[in-house]
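Here is the structure we will look at.
The values are calculated or read from the model by the stated rules, or taken from the named source; none is laboratory data. In this text the structure is predicted, and so the values were computed from the model without any measurement. Ideal geometry is used to build each Cβ from the backbone, glycine not excepted, and the neighbour counts take in all protein chains shown.
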Amino acid sequence: MKTHTLSQDEDLFFLAEYYYGDAALWDIIYYANRDLSACTAQAGTIGDDPENLYPGMKIQIPDLEINEKILPGSKVAIR
């Protein structure tokens, strides 16, 4: 898992495109960062709003594994 510190104008779509090559995978990053344990206490959390982002927030970027047996149809799994 990687950590990314958000800059101005970055969002989950940007991060998914940058790290995974597909902006449609934004929800993987979102679900990895919904709880306080996924983000630093001073940076806050995303919570129930995927747009609750701001510069300086530390976002966890899960590693992906391509494996059709884990999630049939999507061929994507979180490691």
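Annotations for the structure displayed:
- Taken together, the residues in region 1-28 that are touching an Asp or Glu at 6+ places or on another chain (Cβ under 7 Å) and either crowded, with 18+ Cβ neighbours inside 10 Å or part of a helix (DSSP H, G or I) (or both) amount to 2.
- Scanning region 9-30 for residues that are of a type in the set (Ser, Thr, Tyr) and within 14 Å of Asn52 (Cα to Cα) turns up just one, Tyr30.
- Search result, residues across region 29-57 that are outside any loop (DSSP other than H, G, I, E, B) and either buried (at least 16 other Cβ atoms within 10 Å of the Cβ) or modelled with pLDDT of 90 or more (or both): Ile29, Tyr30, Ala32, Ala38
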